[in-house]
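See structure below.
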Amino acid sequence: MTDDVNNDQSSDNKEQIKNERHKKKSQKQKEKVDAGIAQATEERGSVIVITGNGKGKSTSGFGTVARAVGHGYKAAVVQFIKGQWDCGERNLLQQNGVPFAVMGTGFTWETQDRAADMAAAEEVWAEAKKFLADPQYHVVLLDELTYMLGYDYLNSEEVLDAIRNRPAEQSVVVTGRGAIKPLRDLADTISEIKDEKHAYRAGIKARKGVDW
């Protein structure tokens with residue numbers, strides 16, 4: 001009986017020590033987070049670049065648009081590359097008042113026509129510039145823009161200037177692989193999505209409502 005009591009007390013003491021350690025660790029983390037929040041005093045929109053070879057870049061960008069709309073803000077979307085391909089996010093967001101400008105030629109590796117792709121890129125970029133100059137838009141998503149800059153379909157100086165000179169309260173999200181260095185330099189936040197594993201390499205087809 002005495003041994004059982006001692007064991008219970010020992011377990012209680014160990015649990016108490018673990019709780020105290022957790023409390024101290026959590027307090028240090030809280031102080032660190034609070035200090036970081038206190039230092040962030042500048043009120044303005046930001047440039048967010050989501051790049052890398054992994055899946056989820058556009059998904060993340062659309063999540064930001066949905067967040068803005070959920071808070072009652074206006075947002076706009078420009079889609080390069082994907083063309084008129086059925087897009088679940090577009091179907092939903094357009095019903096909630098989000099305007100879209102979509103590059104009509106679709107995937108560049110399917111058209112195999114550089115001149116037509118460049119003309120289509122310029123056409124949709126003209127719409128993008130209007131969004132980037134309009135202070136009513138809290139967020140503008142430039143989905144797959146990185147390809148247009150990497151392929152030299154658009155003048156990168158003009159694109160970067162338009163992003164740089166946007167309304168002060170407007171945030172811009174740029175997605176796509178291979179973000180060029182000048183875009184990275186302009187960005188306030190860069191997330192690099194790593195390609196570690198992908199279902200299609202195992203022969204699993206892209207699924208409607210999950211992958212598109």
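The values are calculated or read from the model by the stated rules, or taken from the named source; none is laboratory data. Everything quoted here is computed from the prediction, not taken from an experiment. Please note: Cβ atoms are built from the backbone with ideal geometry, for glycine as well, and neighbour counts cover all protein chains shown. The protein model used for the area step is the full one, side chains on, heavy atoms only, and it has no ligands, DNA or RNA in it. Shrake-Rupley method; radii C 1.70, N 1.55, O 1.52, S 1.80 Å.
Structure above, values below:
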read-out: Rg ratio (alpha-carbon, reference 2.2 N^0.38 Å) - region 95-212; value: 1.17
read-out: Candidates per GluC sites (Glu not before Pro) in region 132-190, loop by DSSP, up to 13 other Cβ within 10 Å; value: Glu169
read-out: Lys, Arg +1 and Asp, Glu -1 on Cβ, resulting dipole of the chain about Cα centre, debye, nearest 20; value: 420 debye
read-out: Over 32 Å (Cα to Cα) - which of Lys57/Lys129; Lys28/Lys55; Lys14/Lys194; Lys30/Lys57 fall in this group; value: Lys28/Lys55; Lys14/Lys194
read-out: Percent accessible area from carbon and sulfur atoms, the chain, protein chains only, probe 1.4 Å; value: 48 percent
read-out: Residue of Val77, Val65, Val98 that the Gaussian network model of the chain assigns the largest fluctuation, springs spanning Cα pairs under 10 Å; value: Val98
read-out: Cα gyration tensor shape of region 140-194, rounded if a/c is under 1.5, else prolate or oblate by comparing a/b with b/c; value: oblate
read-out: Relative contact order %, the chain, counting alpha carbon pairs below 8 Å whose residues are six or more apart; value: 30 percent
read-out: Calculated volume of the Cα convex hull per residue in Å³ (choose from [x] 150; [y] 200; [z] 123), label; value: [y]
read-out: Area accessible to solvent at Ser60, 1.4 Å probe radius, in Å²; value: 50 Å²
read-out: Which of Glu89, Glu192 is most accessible, then next, and so on - probe 1.4 Å; value: Glu192, Glu89
read-out: Rounded to the nearest 10 Å², the accessible area of Trp85 at probe 1.4 Å; value: 110 Å²
read-out: With DNA, RNA and ligands ignored, accessible area of Tyr73 (1.4 Å probe; Å², nearest 10); value: 110 Å²
read-out: Solvent exposure of the chain as accessible area per residue, Å², 1.4 Å probe; value: 64 Å²
